[in-house]
Structures are given as C-alpha cells and as structure tokens.
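Nothing in this text is a laboratory measurement; each read-out follows from the coordinates by a stated rule. This structure is a prediction, so every number in the text was calculated from the model and none was measured. Quick reminder, even Gly has a Cβ in these numbers, built from the backbone with ideal geometry, and neighbours come from all protein chains shown.
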Ligand SMILES: Cc1cc2nc3c(=O)[nH]c(=O)nc-3n(C[C@H](O)[C@H](O)[C@H](O)COP(=O)(O)O)c2cc1C
C-alpha cells in the first residue's frame with residue numbers, strides 16, 4: 001500500500017462567513033459542543049506546540065480542562081520540558097484535530113500560569129490515582145525503568161494513606177490567552193474553508209484564507 005494513495009474527499013459540511021459568530025470563543029464553543037455531540041474520542045485532546053530556547057519547536061498532546069474568555073487551560077508538570085520552554089518563551093499554539101468532522105481549530109497566544117487556587121481546585125477534582133501520579137512523575141526526566149514509578153507510587157500511597165493529597169508545588173495549570181484563532185472545514189477538491197480571527201481594536205477581525 002502506497003501511503004501516497006491514501007486520501008479522502010471532505011464533503012460533510014461547509015463554513016460561510018455569515019454563519020460565523022463574531023466572537024471566536026462563541027464559535028469555538030459551538031464547534032466544541034458539536035464535537036461532543038459527535039462523540040469524538042478524547043474531544044478535549046489538543047496538540048500544544050511550544051518553542052525551545054534554540055528555536056526548535058516541540059509539540060505534544062494535552063487535555064483541555066477549561067476554557068472561557070480568559071483563555072484555554074491545561075494542567076501539567078511545572079518542571080517538564082514544556083514548562084522550561086514556556087518559561088523561556090511564554091507563547092503556545094494549540095490544535096484540535098476533529099478529523100471525523102473534517103475540522104480543525106488552531107489557536108495561539110501568550111501563556112501564563114493559572115493561580116494556585118485554580119490548580120488546587122482542579123487537582124482536588126482528579127481521581128486519587130491521578131493526584132498521586134502527579135507527585136510520582138518527574139515528567140520529562142530520564143528514568144531507568146518502570147519500577148522507579150511503581151516504587152515511588154507505593155511510597156506515596158503509604159505516606160498519604162487516608163489523608164488529603166496536597167497540590168504538588170511543581171504541578172498546575174497553564175492558560176493560553178488567545179490572540180489568534182483559525183477554524184478549518186474540509187471541502188471537496190481541497191478547496192477547504194478557512195477563517196482566521198485576529199484581535200483588532202478591542203474586537204476581532206475575520207478573514208477568509210485560501211486553503
Ligand atoms: C491523549 C493524551 C492526553 C495527555 N494529556 C496530558 C495533559 O493533560 N498534561 C500533560 O502534562 N501531559 C499530557 N499528556 C502527555 C503529553 O503528551 C507529554 O508526553 C507530556 O506532557 C510530556 O511532555 P514534555 O516532555 O514535552 O513536557 C497526554 C498525552 C496524550 C496522548
């Protein structure tokens with residue numbers, strides 16, 4: 001099988017300027033709700049791209065855990081590779097690949113840490129195993145084998161037995177404050193619909209882009 005021969009036509013839908021919400025957040029809400037209705041797997045999974053100090057881009061999947069007019073929030077380890085990248089360049093681009101709907105949404109902007117209170121609130125809502133996992137994993141560090149993780153998990157289970165598990169200092173949320181959105185809907189013959197929102201004198205400017 002030649003992978004060059006893998007292709008499909010995108011014919012499910014179209015996107016017109018008149019159908020778009022004036023606020024990109026409203027458009028995102030609408031598409032997110034439709035992605036949920038379509039029961040897409042891991043509908044809140046998004047790729048997040050950051051930049052290393054030497055200019056090398058890095059991308060990985062994370063889960064979107066909140067979004068509102070303040071921005072788009074995911075949680076992670078504050079000592080991870082992405083955390084180091086965000087501390088030297090506090091900017092990110094996120095991408096939702098809703099391919100079963102022949103859609104993608106791209107958003108980018110400056111990144112800030114959420115408050116400790118916000119991180120604590122979300123941390124508390126996680127299953128205990130995930131709370132312990134946040135303590136156990138020195139995310140992005142080299143480890144010799146899996147036993148390192150199971151030993152640390154056992155030790156922490158003993159330490160916190162029955163107690164409330166505190167928020168680790170090195171764990172919390174990042175908020176991407178959106179400056180740019182792009183909504184993409186696949187169309188026939190690769191003549192897809194793309195609309196870009198950029199900030200413009202307190203509001204948003206919308207442009208259709210060539211596919
Ligand atoms: C579906 C999926 C969801 C993920 N969600 C998160 C997440 O919410 N936070 C996180 O730190 N890593 C998450 N990961 C793991 C990241 O992709 C990545 O491996 C990890 O954050 C380390 O990245 P870094 O070394 O670039 O910092 C997820 C991975 C997948 C495949």
Practice task
Fewest Cβ neighbours within 10 Å first, please rank 137, 88, 76 accordingly.
Solution key: 88, 137, 76
Practice task
Between residue 22 and residue 143, with labels modelled 7 Å along Cα→Cβ, what's the label distance in nm to one decimal, could you check?
Solution key: 5.1 nm
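For the chain, how big is Rg over Rh, using alpha carbon atoms and the Kirkwood form of Rh?
Dividing the radius of gyration by the Kirkwood radius yields 1.03.
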Completion exercise
Here the Kirkwood hydrodynamic radius of region 61-165, Cα-based and in Å, equals 16.1 Å
Problem - Per-q log10 I(q)/I(0), region 2-123, q = 0.20 Å⁻¹ (Debye; single scatterer per alpha-carbon; no solvent) - result: -1.22
Practice task
Return a whole-number percent for the relative contact order of region 76-195, with Cα pairs under 8 Å and 6 or more residues apart as the contact set.
Solution key: 39 percent
Handout entry: Kirkwood Rh and Cα Rg combined as Rg over Rh, evaluated for region 111-202
Key = 1.21
Fill in the blank from the handout: Taking r as the C-beta separation of residue 34 and residue 128 and R0 as 35 Å, the FRET efficiency to the nearest 0.05 is 0.55
Practice task
May I ask for the angle, rounded to the nearest 10°, between helix 24-37 and the longest principal axis of the chain, with both axes built from Cα atoms and the value confined to 0 to 90°?
Solution key: 80 degrees
Practice task
Give me 107, 143 ranked fewest to most by other Cβ atoms within 10 Å of their Cβ, as a rough exposure proxy.
Solution key: 143, 107
Exercise for the section: Return the whole-Å distance between the Cα centroid of region 18-65 and the Cα centroid of region 116-194. Expected result: 17 Å
Exercise for the section: Can you tell me the 0 to 90 degree angle between the C-alpha axis of helix 147-159 and the longest principal axis of the chain, rounded to 10? Expected result: 70 degrees
Practice task
Output the relative contact order of region 13-103, whole-number percent, from Cα pairs under 8 angstrom with separation of 6+ residues.
Solution key: 28 percent
Handout entry: residue 189 versus residue 155: modelled label distance in nm, points set 7 Å from Cα along the beta carbon direction
Key = 6.4 nm
Problem - Pair residue 198, residue 11: separation of 7 Å Cα→Cβ label points (nm) - result: 3.6 nm
Handout entry: Value of relative contact order over the chain, rounded to a whole percent, pairs C-alpha under 8 Å and six or more apart
Key = 25 percent
